[in-house]
Amino acid sequence: MKYGVNGQGYYGDFGGAYIPEMLYPNVEELRQQYLTIINDDEFKAEFNQLLKDYVGRPSPLYHAKRYSEKYGANIFLKREDLNHTGSHKINNAIGQILLAKRLGKKRIIAETGAGQHGVATATVCALMGIECVVYMGEVDMERQAPNVSRMKMLGAKVVPATSGSKTLKDATNEALRDWIGNPVDTHYIIGSVVGPYPYPDMVARFQSIISEETKKQLLEHTGNELPQYVMACVGGGSNAMGMFYHFLDDESVKLVAVEAAGKGVDSGHSAATTFLGREGVLHGSRTILMQTDDGQVVEPYSISAGLDYPGIGPQHAHLFKINRAQYVSVTDDEALQAGLLCSQMEGIIPAIESAHAIAYLEKMKFKPNDNVVICLSGRGDKDLDTYIKYFGY
Amino acid sequence: MNRLNQLFNTKKDNLLSIYYTAGYPELNTTLDIAEALERAGVDFLEVGFPYSDPVADGPTIQHSSEKALEAGMTLNLLFEQLADLRKRVTIPILLMGYANPMIQYGVERFCKKAAVVGVDGVIVPDLPMYEYETLYADFFKANGLSNIFLVTPQTSEERIRKIDELSNSFIYLLSSSSITGGNLQVSVNIEDYYKRIKAMQLKNPAIIGFGISDNKSFSKACEYASGAIVGSAFVKLLGTEGYLEKIPGFIEAIRPY
Ligand SMILES: Cc1ncc(COP(=O)(O)O)c(C=O)c1O
């Protein structure tokens with residue numbers, strides 16, 4: 001793959017494994033084994049079986065008729081919201097729990113922002129009967145309260161991260177600290193295409209099922225497996241990478257990644273990483289991150305907990321730098337309006353994260369025969385409180 | 001040969017090093033603390049440059065870093081403060097921190113500046129060996145700076161040998177895989193680990209860090225290594241009233257000889 005990772009864990013200038021020695025044995029074990037394990041026939045069979053029978057894959061590719069009329073192109077929604085647990089996060093969680101089992105791990109830790117990855121991880125741990133600890137920023141526990149209860153009901157222990165901005169970045173720090181202290185029996189299920197190599201590549205592979213299915217489904221719908229545009233929101237970038245993966249080498253397909261502008265890119269309350277960030281190191285990889293001149297990480301802001309992260313995965317940083325994908329941003333207001341519109345025009349209440357991707361339709365210029373796929377990464381149940389407060393329903 | 005090498009050549013055991021975060025508890029007492037520690041008999045120092053996301057640190061050093069950043073500590077300011085370092089302090093000094101602030105500052109510029117003010121070495125826990133070797137080692141060497149690597153009970157023998165080869169002052173031995181501020185782990189397995197390291201006859205001396213907080217843990221560590229580093233316990237002291245006056249007593253309690 002032209003845009004894939006090299007032997008040292010880099011995508012161009014980005015990636016690597018910037019980790020303290022305490023994490024080295026764990027990360028090295030993963031690096032040595034992940035490809036062998038996930039390419040093993042038995043692993044693949046178990047993974048695919050669970051995706052089919054437990055997650056409910058393939059997720060539909062829905063031709064959104066009213067949207068298509070409104071935006072003057074064929075708009076397709078890749079329905080990751082219909083997955084068990086309500087988002088794309090479950091694809092990666094299933095992959096990693098099967099991998100953890102094969103590595104002989106007895107305990108799982110995870111970080112979560114919106115709670116979707118936490119719920120997905122708690123779910124697969126229940127499924128396998130493995131102990132599960134989820135770190136979640138205190139601020140996020142409040143704004144995504146239903147997911148906290150779901151994780152607890154699924155048997156996971158939810159530990160509040162109380163440092164820094166008390167959001168996803170800080171939850172990730174706490175999970176890394178836990179892993180440092182539990183180097184032998186614990187596997188860390190990272191929820192996005194971030195972290196030290198091999199995580200970005202491993203998570204991208206597990207999420208690549210999204211574009212693998214999309215190609216087949218598009219062929220059925222349109223007679224061509226390649227669309228003109230593929231769009232997705234980017235927090236760390238896992239649904240986007242899954243959505244882009246099998247289109248990366250088809251240069252005719254334009255890739256659009258939508259970041260969270262929060263209250264506006266220049267407002268000082270934003271999570272638009274490629275607009276506001278510079279190259280550096282965050283959570284174990286060289287990437288683009290929001291930081292001060294002194295190299296301190298800047299606290300991001302977005303109404304969407306899943307996009308409220310100051311970095312992006314290293315492969316995204318690479319695709320951005322070489323211009324293979326276009327990185328754009330959408331404000332809180334635009335995303336919430338798009339969430340309402342999607343509810344009332346298509347009968348789908350999207351997660352606020354996914355609503356960011358949809359909102360960017362307003363700014364696109366299509367030709368009438370363009371085929372456009374948007375990753376509808378999750379459902380909006382967890383966000384009802386936020387929607388209700390905003391619109392007053 | 002820098003001050004660190006000279007120290008290790010002349011003193012082989014019971015070495016005591018202290019870590020503290022620059023800018024905590026007050027922005028401008030970095031050199032006052034260093035001076036007080038030298039007067040109290042400490043052998044070498046680690047001055048932390050704070051980072052917003054210190055993943056290898058426990059609550060005590062996280063807190064000191066947060067406070068130092070709030071007070072306005074930056075690498076620029078730290079180097080300004082250290083301009084008079086060698087007028088006031090003679091013992092070896094290492095800078096300790098995370099990769100991102102150093103990369104933003106520019107690693108070559110960082111190394112040059114560190115050498116100019118009289119720093120002897122650098123500890124950057126999240127700077128990997130591969131990146132150090134391929135991207136940065138030349139800057140360290142050109143400026144006479146030692147780079148210090150960490151070793152844990154899970155580090156393989158092959159990797160320890162490689163670390164020994166890349167090191168030119170000492171190896172930072174962790175008593176367990178843990179963040180800072182824990183307790184020294186002593187168990188049969190750990191004794192085996194120390195013995196294993198000793199039997200490897202490394203060219204660099206080993207200094208034990210993380211979890212050393214009092215005379216008991218210090219003495220224990222010195223049974224297995226050339227010395228030990230105290231971090232969180234000292235940073236806690238800095239958080240108390242009249243900390244400068246308390247330094248001699250604190251050091252005396254840890255190493256009464
Ligand atoms: C529904 C949904 N979409 C997107 C994201 C953002 O993550 P990523 O960028 O890794 O897809 C999240 C994260 O929690 C999410 O829950």
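Nothing in this text is a laboratory measurement; each read-out follows from the coordinates by a stated rule. Just so it is clear, the structure is predicted and the values come from calculations on it, not from any experiment. Cβ atoms come from the backbone with ideal geometry, glycine included; neighbour counts cover every protein chain shown.
Please state the relative contact order of region A:1-149 as a whole percent: Cα pairs under 8 Å, 6+ residues apart?
Worked out over region A:1-149, it gives 15 percent.
Please report, in whole Å³, the volume per residue of the convex hull around the C-alpha atoms of region A:263-393. Don't skip to the end; give the middle numbers.
Working: hull volume 16.5 nm³, N = 131.
Dividing the Cα hull volume of region A:263-393 by its residue count gives 126 Å³.
Would you mind checking B:Lys141/B:Lys162; A:Lys166/A:Lys389; B:Lys11/B:Lys112 for any pair whose Cα atoms are more than 25 angstrom apart? Can you show the working numbers first?
Working: B:Lys141/B:Lys162 17 Å; A:Lys166/A:Lys389 22 Å; B:Lys11/B:Lys112 28 Å.
In this structure, B:Lys11/B:Lys112 lie more than 25 Å apart at Cα.
In nm, give the distance between the simple-model label positions of A:Asp333 and A:Asp266, each being 7 Å from the Cα along the Cα-to-Cβ direction.
Modelled inter-label distance: 1.6 nm.
At q = 0.11, 0.24, 0.25 Å⁻¹, what is the base-10 log of I(q)/I(0) for region A:238-312 according to the Debye formula with one equal point scatterer per Cα and no solvent? Please give it to two decimals.
Each listed q maps to, in turn, -0.31, -1.08, -1.12.
Please work out the Cα center distance from region B:27-51 to region B:54-125, rounded to the nearest Å.
11
For chain A, evaluate the Debye formula with one uniform point scatterer on each Cα (no solvent term) and list log10 I(q)/I(0) at q = 0.06, 0.10, 0.14 Å⁻¹, rounded to two decimals.
-0.19, -0.57, -1.20
How would you rank B:Tyr105, B:Tyr20, going from fewest to most other Cβ atoms within 10 Å of each one's own Cβ?
Numbers: B:Tyr105 20, B:Tyr20 27.
Going from sparsest to densest Cβ surroundings: B:Tyr105, B:Tyr20.
List the lysines whose alpha-carbon lies under 21 Å from that of B:Lys12, not counting same-chain residues fewer than 8 positions away?
Hits, sequence-local ones excluded: B:Lys195, B:Lys198, B:Lys203, B:Lys216, B:Lys220.
Can you give the relative contact order of region B:1-96 as a percent, counting alpha carbon pairs under 8 Å and 6+ residues apart?
It rounds to 39 percent for region B:1-96.
So what's the back-of-envelope 222 nm ellipticity for chain A, counting only DSSP H runs of four-plus at -39500 (n - 2.57) apiece and dividing by all residues, rounded to 500?
Only helices count here, giving -12000 deg cm²/dmol.
Tell me the GluC sites (Glu not before Pro) within region A:152-228 that lie in a loop according to DSSP and have at most 12 other beta-carbon atoms within 10 Å.
Here no loop site has a sparse enough neighbourhood.
For chain B, what does the helix formula give at 222 nm: sum of -39500 (n - 2.57) over DSSP H segments with n ≥ 4, over the residue count, nearest 500 deg cm²/dmol? Write out the running numbers ahead of the final one.
Numbers: 13 runs with 117 residues, N = 257.
Helices in chain B give a 222 nm mean residue ellipticity of -13000 deg cm²/dmol.
When chain A is modelled as a GNM with alpha-carbon springs shorter than 10 Å, which of A:Gly164, A:Gly236, A:Gly311 fluctuates the most?
A:Gly164
Would you mind working out the magnitude of the charge dipole of region A:239-350 relative to its Cα centre, with +1 at each Lys and Arg C-beta and -1 at each Asp and Glu C-beta, to the nearest 20 Debye? The partial results should precede the final answer.
Working: 6 positive and 14 negative charges, 49 e Å.
The calculated dipole for region A:239-350 is roughly 240 debye.
With the radius of gyration and the Kirkwood radius both derived from the Cα set of chain B, what is their ratio Rg to Rh?
Result for chain B is an Rg/Rh of 0.93.
Identify, among A:Val158, B:Asn215, A:Gly95, the residue whose Cα sits farthest towards the positive end of the charge dipole of the protein assembly as shown, taking +1 on the Cβ of Lys and Arg and -1 on the Cβ of Asp and Glu, with the dipole about the Cα centre.
Of the options given, the answer is A:Gly95.
When DSSP beta bridges are limited to those with both residues in region A:242-393, what percentage is antiparallel, rounded to the nearest 5?
Rounded to the nearest five, the antiparallel share is 55 percent.
Assigning unit charges at the beta carbon (Lys, Arg +1; Asp, Glu -1) and nothing else, what dipole magnitude in debye, to the nearest 20, does the protein assembly as shown show about its Cα centre?
So the magnitude is around 620 debye.
So in the protein assembly as shown, what percent of DSSP beta bridges are antiparallel if you round to the nearest 5?
Counting only bridges with both partners in the protein assembly as shown, antiparallel ones make up about 20 percent.
Rounded to whole Hz and in sequence order, give me ³J(HN,Hα) for region A:143-156 from the Karplus expression 6.51 cos²θ - 1.76 cosθ + 1.60, θ = phi - 60°, writing x for Gly and Pro.
7, 10, 3, x, 6, 5, 4, 4, 4, 5, 4, 7, x, 8
Please compute the contact order of chain B in relative form: average sequence separation of alpha-carbon pairs under 8 Å and at least six residues apart, divided by the residue count, as a percent. Don't skip to the answer; put the middle values down first.
Values: 447 pairs, mean separation 60.4, N = 257.
About 24 percent, as a whole number.
Would you mind listing how long region B:1-68 runs along its three principal axes, going by Cα atoms, in whole Å with the largest first?
Reported extents, whole Å, longest axis first: 37, 25, 21.
Which FRET efficiency value, to the nearest 0.05, do you get for B:Ala142 and B:Arg39 by plugging their Cβ-Cβ distance into 1/(1 + (r/R0)^6) with R0 = 35 Å?
Working: r = 33 Å, r/R0 = 0.94.
In this case the efficiency is close to 0.60.
Evaluate the charge dipole of region B:64-151 about its Cα centre and quote only its size in Debye, nearest 20, assuming +1 on the Cβ of each Lys and Arg and -1 on the Cβ of each Asp and Glu. Let's see the in-between values first.
Numbers: 8 positive and 10 negative charges, 81 e Å.
Once rounded to the nearest 20, the dipole reads 380 debye.
Quick check of the Kirkwood formula: for region B:14-138, what is the inverse mean of 1/r over all pairs of different Cα atoms, in Å? Present the calculation step by step, with values, prior to reporting the outcome.
Details: mean 1/r = 0.0676 Å⁻¹.
Every distinct Cα pair counted, the radius reaches 14.8 Å.
Two decimals is fine: what is log10 I(q)/I(0) at q = 0.24 Å⁻¹ for region A:1-52, from a Debye sum with one equal scatterer on every Cα and no solvent?
At q = 0.24 Å⁻¹ the computed log10 ratios are -0.96.
More than 18 angstrom separation, counting every C-alpha pair in region B:164-252; what % is that?
Of all Cα-Cα pairs in region B:164-252, 48 percent lie more than 18 Å apart.
Rg (Å, one decimal) plus Dmax (Å, integer) for the alpha carbons of region A:197-356?
For region A:197-356, the Cα radius of gyration and maximum Cα-Cα distance read 15.9, 53 Å.
Under 10 °C and 1.306 mPa s, how fast does region A:17-129 diffuse according to Stokes-Einstein, given a Kirkwood radius computed over C-alpha pairs? Answer in µm²/s, whole number. List each step's numbers first, then the result.
On the way: Rh = 16.2 Å.
Calculated translational D: 98 µm²/s.
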